[in-house]
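What follows is one structure encoded as structure tokens, with my remarks underneath.
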Amino acid sequence: MKILISGFEPFDNSFVNPSQLLVEYIKKDKSEFINFDTCLLPVDTSAAPKKLIDAIDKVQPNFVISLGQAYGRAVVSVEKIAINFLNFRIPDNSNIKIEDQLIIPDAPAAYFSSLPVREIQGAVTAVGIPCEISYSAGTYLCNQVFFCIMHHITINHLDIKAGFVHFPALPEQVAGKHPCVPSMDIDVMQKALDQIIRVIRPSFF
């Protein structure tokens, strides 16, 4: 069983991104039954989707779990849907700011996650971690990457299950910020990621 997990580099003047730390965490995981591959994405609207799609084609995983940060959210958000639309609140790390633009012209308006989102939400909540099913992945790079990988898998008829999960900011990212912004410790996020993988594994074997 192969699982490809992606995260993003820091952005918006932050020195860290929780999804990057989760990628580093999963790199250390040694499992008898699962081969983990990871991909750290630049916060660059031109480069990020291509880098992850190239990794998918190289690794040929059974599952892709793409991770990102949702600043301002208080819970782990298992994304249900990616939309074919970009509207950046802030520029990416290459100083590109897109407004009211389709991601892929002539592609469908949206794709649904093919991960078992309700089972994931239940499993994460069961270990005492706040978790929701989200119906908006935003209109920034997280949504773009989510949409692009689902489109790639669909048009190429790949036998890959994929989806996206947002995590809150870290306490060190919001300390001293006003107004107060929700945060979550990295060890809690790691525990949530472990639960996500535990849900996915039985669906393969």
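Readers should treat all values here as calculations from the given coordinates under stated rules, not as data from a laboratory. As the structure is a computational prediction, the values presented were derived from the model and not from experiment. Virtual Cβ from ideal backbone geometry, glycine too; neighbours counted across all protein chains shown.
Rounded to the nearest 5, what % of the DSSP beta bridges within region 2-204 are antiparallel ones?
25
Sort out for me the Cα centre separation of region 97-163 from region 19-57, rounded to whole Å.
Here the two parts' Cα centres lie 16 Å apart.
Please give the peptides 2-15, 139-152 ranked by average Cβ packing (other Cβ atoms within 10 Å per residue), highest first, as a rough proxy for protection.
Highest to lowest by the protection proxy: 139-152, 2-15.
Decide, for region 1-74, between rounded, prolate and oblate: order the square roots of the alpha carbon gyration tensor eigenvalues as a ≥ b ≥ c, take rounded if a/c falls under 1.5, and otherwise choose prolate if a/b is larger than b/c, else oblate.
It is oblate, given that a/c is not under 1.5 and a/b is not larger than b/c.
Which one is right for this structure if percent of Cα pairs over 30 Å apart is calculated from it: (i) 15; (ii) 28; (iii) 21?
(i)
Could you check which residue among ALA55, ALA107, ALA175 shows the biggest mean-square fluctuation in a GNM of the chain with a 10 Å Cα cutoff?
Maximum among the listed residues: ALA175.
Please report, in debye to the nearest 20, how large the charge dipole of the chain is about its Cα centre when each Lys and Arg carries +1 at its beta carbon and each Asp and Glu carries -1 there.
It works out to roughly 300 debye.
Is there a quick way to get the dipole size of region 112-205? I mean about its Cα centre, with the Cβ of Lys and Arg at +1 and of Asp and Glu at -1; what is the value in debye to the nearest 20?
140
Around TYR135, under 15 Å between beta carbons, what's the net of Lys plus Arg minus Asp minus Glu among the other residues?
Taking every other residue near TYR135 into account, the sum is +1.
Lys and Arg at +1, Asp and Glu at -1: add these up for the other residues within a Cβ distance under 15 Å of ASN156 and post the number.
Local charge sum for ASN156: 0.
Would you list, by chain and number, the lysines whose Cα falls below 29 Å from the Cα of LYS28, excluding same-chain residues fewer than 8 positions away?
Counting by Cα, and skipping residues close in sequence, LYS28 has these lysines nearby: LYS2, LYS50, LYS51, LYS58, LYS80, LYS161, LYS191.
Nearest 0.05, what FRET efficiency do LEU102 and LYS2 give at R0 = 41 Å with Cβ-Cβ as r?
0.85
Which value in nm describes the separation of the simple spin-label points at ASN13 and ALA74, placed 7 Å from the Cα toward the beta carbon?
In this crude spin-label approximation the distance works out to 2.6 nm.
Please give the net charge around SER114, taking every other residue with its beta carbon less than 15 angstrom from that of SER114, where Lys and Arg add +1 and Asp and Glu add -1.
0
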